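Visitor: Below is the structure I would like to discuss, written out as C-alpha cells.
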Amino acid sequence: MTFWDSDPVLLEVDRGGLVESVHRGRLAITAADGTVDFSWGTVDVPIYPRSCLKPLQAVAMVQAGLDLDGELLALAAASHSGEAFHIAGAERILAGAQRGVGALQNPPDWPLDDASKEEWILQGRRPEAVAMNCSGKHAAMIRTCVRRGWDEAGYLHPDHPLQRAIAGTLEEWTGEQPGVPTVDGCGAPLFPVTLVGLARAFGRLAAADDGPGARVAEAIRQNPEWTSGTLRDENQLHRAIPGLVTKAGAEAVHAVGLPDGRGIALKIDDGGFRGRAALMAAALQRLGYDHPTLAAQRDVPVLGGGRPVGAMTVVGVDRSDT
C-alpha cells in the first residue's frame, strides 16, 4: 500500500442518493509558528505545488530587484484568465524592460476565460504566448533579468541565477530544502516541497509586515483579479476574507495564508479540480471563518438534466477529533 491508497476520502459525490465517486486527498494546516496544527493524509512527502509557487517566485524576483508593485506585481504571481487587462498588463511589464512579447518563452495558449477566448477567436487570433496564464510571471522573470544584467535567453534553466534565487527563497519560506526541479507546464523549473512546507510559506507570506514578502502579499490582496481572474474562486476568497492570500495550481493543489500566520495547503490525489475550492472552503470554516462565499464554494450541486440531483460533500474535515 502506498500513501495514495492510505490517504483519506475527503470528498464524496452523490447522485440520486448513491455515492457515485469519491476523491482522496491530503490537507495540512499550520500554526503561526509553522508547526502542524491539523493534517489529513500524507502531508510530509514532496509534491509539485504547481502554480501555488508563483507568489513565492514573485518574492524571489522582488528580492532580486524586480521593480513592480500594485497590479503588475500581482500579475507577476498570476495564473491569469487571459482577460484583456491581463494581456495588456503582461505587455506593460515587458515594455518597462524595453522588451516585447516575442521575448516570452512560455508556450502559446488560448485565454482561460471563456468570454475572452471567444473574443480572441472572433478577432482571428490563434494561441499566443501572451495569452497563456503564466505570461505575467514570465514577463516578470525577463524584467528581473534585465534589471540584474542576467542572461535573458537562459532564464528558464535551473542553473540560471534567477532560478537559483527562487530555490533559495523557497527554502527560506517553506523551511525545507526543495527537491530536484522538473519542468512546469509553462516551461519554468518546478521545485517539489511538502504540503506542510507550502502551508508554512503561505502563512508567513500573509503575516509578513515588511520586505519583499509584504510587497507581494499586499499586491495580491489589493488586486486579486490580477492574480487569477474576474470570475475565479480565488478572487472571491480574497474579497470575502480580509488579509487572506491564496493561490491555486494545476493538479488540484491550493494554498492559503491567513494574516495571523496560519497556513493551509491541500492536494486532491487524482488531480481533479472539481472539489478543490470546496475542500479549501471547508478548511477555512473549520478555522472559524464564516462567510456566504465559503458556503457557496462548499455547496457544489451535482446536476441531472440541468437541475440538482445530488451534491459533492466534504467529509471528515469538520470533525474535532482529527
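Visitor: Which of the lysines could a cross-linker bridge to Lys54, judged by Cα under 19 Å and excluding same-chain residues fewer than eight apart?
Guide: Lys137, Lys247, Lys267
Visitor: Using Cα pairs under 8 angstrom and six or more residues apart, how large is the relative contact order of the chain, in percent? Let's see the in-between values first.
Guide: Values: 699 pairs, mean separation 78.2, N = 322.
That works out to 24 percent.
Visitor: Same structure again: Could you calculate the FRET efficiency of Arg92 with Leu18 from 1/(1 + (r/R0)^6), where r is the beta carbon distance between them and R0 is 45 Å, rounded to 0.05?
Guide: Details: r = 52 Å, r/R0 = 1.15.
E(calc), rounded to 0.05, equals 0.30.
Visitor: Let me ask something else. I'm spelling it out carefully: the read-out is Cα extents along the principal axes in Å, the candidates are (i) 59, 48, 38; (ii) 71, 52, 40; (iii) 55, 43, 38, and one was derived from this structure. Which label?
Guide: The value computed from this structure is option (i).
Visitor: Could you provide, to the nearest whole Å², the per residue accessible area of the chain with probe 1.4 Å?
Guide: Working: 13090 Å² over 322 residues.
Dividing the accessible area of the chain by its residue count gives 41 Å².
Visitor: For region 94-147, what does the relative contact order come out to in percent, with C-alpha contacts under 8 Å and a separation of six or more? Before the final figure, lay out the partial values.
Guide: Numbers: 57 pairs, mean separation 25.6, N = 54.
47 percent.
Visitor: Using a 1.4 Å probe and ignoring any ligands, DNA or RNA, find the accessible area of Glu91 and quote it in Å² to the nearest 10.
Guide: 80 Å²
Visitor: Just to confirm the number: angle between the C-alpha axis of helix 135-148 and the first principal axis of the chain, 0 to 90 degrees, nearest 10?
Guide: Long axis of 135-148 versus the principal axis of the chain: about 40 degrees.
Visitor: Mind jotting down a quarter of the surface of the convex hull over the alpha carbons of region 202-322, in square nanometres, one decimal? Let's see the in-between values first.
Guide: Working: hull surface 33.4 nm².
That works out to 8.3 nm², a quarter of the Cα hull's surface.
Visitor: Under 4.7 Å Cβ to Cβ, no partner at all: give me those cysteines from the chain, in residue order.
Guide: Here Cys52, Cys145 come out as lacking a disulfide-compatible partner, given the Cβ-Cβ threshold of under 4.7 Å.
Visitor: Counting only protein heavy atoms and a 1.4 Å probe, tell me what percentage of the chain's accessible area is made up of carbon and sulfur. Don't skip to the answer; put the middle values down first.
Guide: Values: 6610 of 13090 Å².
Carbon and sulfur together cover 50 percent of it.
Visitor: Sticking with this one: For Tyr155, what accessible area in Å² do you get when you roll a 1.4 Å probe over the heavy atoms of the protein chains, rounding to the nearest 10?
Guide: In the full protein context, Tyr155 sits at about 0 Å².
Visitor: With each run of n ≥ 4 DSSP H residues scored as -39500 (n - 2.57), what mean residue ellipticity at 222 nm is computed for the chain after dividing by its residue count and rounding to the nearest 500 deg cm²/dmol?
Guide: Details: 13 runs with 125 residues, N = 322.
My calculation for the chain gives -11000 deg cm²/dmol from helical runs alone.
Visitor: Additional query: Give the shape of region 1-134 as rounded, prolate or oblate, defined through the alpha-carbon gyration tensor: a ≥ b ≥ c are the square roots of its eigenvalues, a/c under 1.5 means rounded, and otherwise the shape is prolate if a/b is larger than b/c and oblate if not.
Guide: Details: a/c = 2.96, a/b = 1.50, b/c = 1.96.
It comes out oblate by the Cα gyration axes.
Visitor: Using a cut-off of 14 Å between alpha-carbon atoms, which aspartates and glutamates can reach Lys117, once sequence neighbours fewer than 8 places away in the same chain are excluded?
Guide: Glu83, Asp109, Glu128
Visitor: Please find, in a Gaussian network model of the chain (springs between Cα atoms separated by less than 10 Å), the residue of Val245, Val22, Val302 whose mean-square fluctuation is greatest.
Guide: Maximum among the listed residues: Val302.
Visitor: What is the diffusion coefficient of region 166-255 in µm²/s, taking the Kirkwood radius over Cα pairs and the Stokes-Einstein relation at 10 °C with a viscosity of 1.306 mPa s? Intermediate values should be presented prior to the final figure.
Guide: Numbers: Rh = 14.0 Å.
Answer from the Stokes-Einstein relation: 114 µm²/s.
Visitor: I would also like to ask the following. For the full complex of protein chains and a 1.4 angstrom probe, list His157, His138, His291 by accessible area with the highest value first. Mind dumping the intermediate values first?
Guide: Working: His157 100, His138 0, His291 65 Å².
If we order His157, His138, His291 from most to least accessible, we get His157, His291, His138.
Visitor: With a 1.4 Å probe and all protein chains kept in place, how do Val13, Val183 rank by accessible area, largest first? Each step should come with its number before you reach the end.
Guide: Details: Val13 5, Val183 100 Å².
Order by accessible area, largest first: Val183, Val13.
Visitor: Would you mind computing Rg(Cα) / (2.2 N^0.38 Å) for region 80-235, counting N as its residues?
Guide: Details: Rg = 16.3 Å, N = 156, 2.2 N^0.38 = 15.0 Å.
It is 1.08.
Visitor: Taking a probe of 1.4 angstrom, what is the accessible area of Glu118 in Å², to the nearest 10?
Guide: For Glu118, solvent-accessible area is about 110 Å².
The values are calculated or read from the model by the stated rules, or taken from the named source; none is laboratory data. These figures come from a predicted structure and were not determined experimentally. Because the Cβ atoms are built from the backbone with ideal geometry, glycine has one as well, and the counts that use them run over all protein chains shown. The protein model used for the area step is the full one, side chains on, heavy atoms only, and it has no ligands, DNA or RNA in it. Shrake-Rupley method; radii C 1.70, N 1.55, O 1.52, S 1.80 Å.
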